[in-house]
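One structure below.
Bear in mind these aren't lab numbers, they're just calculated from the coordinates by the rules spelled out. On a predicted model such as this, the values are computed, not experimentally measured, just so you know. Positions of Cβ are generated from backbone atoms using ideal geometry, with glycine treated the same way; all protein chains shown enter the neighbour counts.
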Amino acid sequence: MSQEEKQHFLDLIQQFDDAMLVSHAPDGELRARPMAVAETTPEGDVFFVTSVDSPKVDELLDDARLLVTFQKDSKYVSLTGTAEFIEDRSRIQELWKPIWRAWFPDGPEDTDIILIRVRAEEGEYWNMAGKTRVKLAFRGLRSLLTGTEVKPPQSASAHGHVQL
């Protein structure tokens, strides 16, 4: 892993407003749900806001391992890590977004609010936007015409796996 790949990954996750948070249910099955991103840190950690009574909280208390996936405009990211819960009212106030009032009518002072901090451990990204997308389209067309396998463009900005 190069520093360029790591920085590209960290820059990519800053671009997403929404994600899918995947946790382990009590029966061992995986559960995914859409979540609004409250914040991403320069180190790759991601914050979400949720209700303390949410089933995902119980799931993460039983097994803190999780996966977060992001997708937007031909950019794809997966992030694995562990969950940490934060009940700090000043931190909740700092991250508060007015749209959340739909779920928390009492605002950031609502005692039902808890933050989930995803302590990032590793990530992977696929950036098929811009020139990379055009190259992939040409390679796909060539593959169809010649019957050969599609080889995705190889560059640190197109695909990478990083340890955080």
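Table for the structure above
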item: Verdict on Ser54 being free of Cβ contacts under 8 Å to residues at least 60 places away in the same chain, of a type in the set (Ser, Thr, Tyr) and more than 14 Å from Ala120 (Cβ to Cβ); result: yes
item: Subset of the stretch 46-73 [among the polar types (S, T, N, Q), within 23 Å of Leu164 (Cβ to Cβ) and surrounded by fewer than 17 Cβ atoms within 10 Å (Cβ to Cβ)]; result: Thr69, Gln71
item: Test result for Glu94, more than 19 Å from Leu10 (Cα to Cα), charged (D, E, K, R) and either assigned to a loop (DSSP other than H, G, I, E, B) or free of Cβ contacts under 8 Å to residues at least 24 places away in the same chain (or both); result: yes
item: Checklist (1) outside any helix (DSSP H, G or I); (2) surrounded by 13 or more Cβ atoms within 10 Å (Cβ to Cβ) applied to Lys6, failing item; result: (1)
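Let's see how each residue does on (1) more than 15 Å from the chain's Cα centre (by Cα); (2) among the charged types (D, E, K, R); (3) under 14 Å from Val162 (Cα atoms); (4) assigned to a loop (DSSP other than H, G, I, E, B):
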position	(1), (2), (3), (4)
Thr80	no, no, yes, no
Trp100	yes, no, no, no
Val118	no, no, no, no
Glu122	no, yes, yes, no
Trp126	no, no, yes, no
